[in-house]
1. What's the number of the condition A:V21 fails, among (1) at pLDDT 95 or above; (2) in contact with a Ser or Thr (Cβ under 8 Å, 6 or more places away or on another chain)?
2. Taking the criterion of being modelled with pLDDT under 95 and away from chain A (no Cβ under 11 Å), would at least one residue in segment B:6-13 satisfy it?
3. Yes or no: B:A72 within 11 Å of chain A (Cβ to nearest Cβ), within 11 Å of the chain's Cα centre (by Cα) and under 24 Å from A:I75 (Cβ atoms)?
There are 2 protein chains.
Amino acid sequence: MARVAGKRDDDGSLVRLGQAVRKARKAAGLSQEALADAAEIDRSHMGKIERGERNVSVLNILKIAAALDCPASAIFIDAGM
Amino acid sequence: MARVAGKRDDDGSLVRLGQAVRKARKAAGLSQEALADAAEIDRSHMGKIERGERNVSVLNILKIAAALDCPASAIFIDAGM
């Protein structure tokens, strides 16, 4: 059972969400650094989000989705959530 | 420009998300307290989420969605995000 920033990620949902972010980023042809910069998220934090190591906030998900020019719901759908 | 838990909610997205949570909760016939208890979220925190006063985390959104027996993506779609 992974623990992420003090919270349990019992079913790997943060990992799945991070994988969906990575997939959408690659589909957009962006490097992780370019996405972090476009979303105004710290590059190290973005890496942790993509690896499912952070319990990402809604505002950050919205910033990522905006930088990827896709709705946040699309990321959740791709993550099966 | 609202500030929420140290983050800017420039476009009212947290308010829209909270409204979508409230709408789904009422559709499920649950009181705010019942949803908070089912999602294992503090009742005061749930009220702040519904009012858009908290930058809610993905794990808490997933707990709310699970308690409402709906996918998290449906909440984002209803919030127009």
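1. All conditions pass for A:V21, except number (2).
2. Yes, segment B:6-13 has at least one match.
3. yes
The values are calculated or read from the model by the stated rules, or taken from the named source; none is laboratory data. Since this is a predicted model, take the numbers as computed values, not measurements. Positions of Cβ are generated from backbone atoms using ideal geometry, with glycine treated the same way; all protein chains shown enter the neighbour counts.
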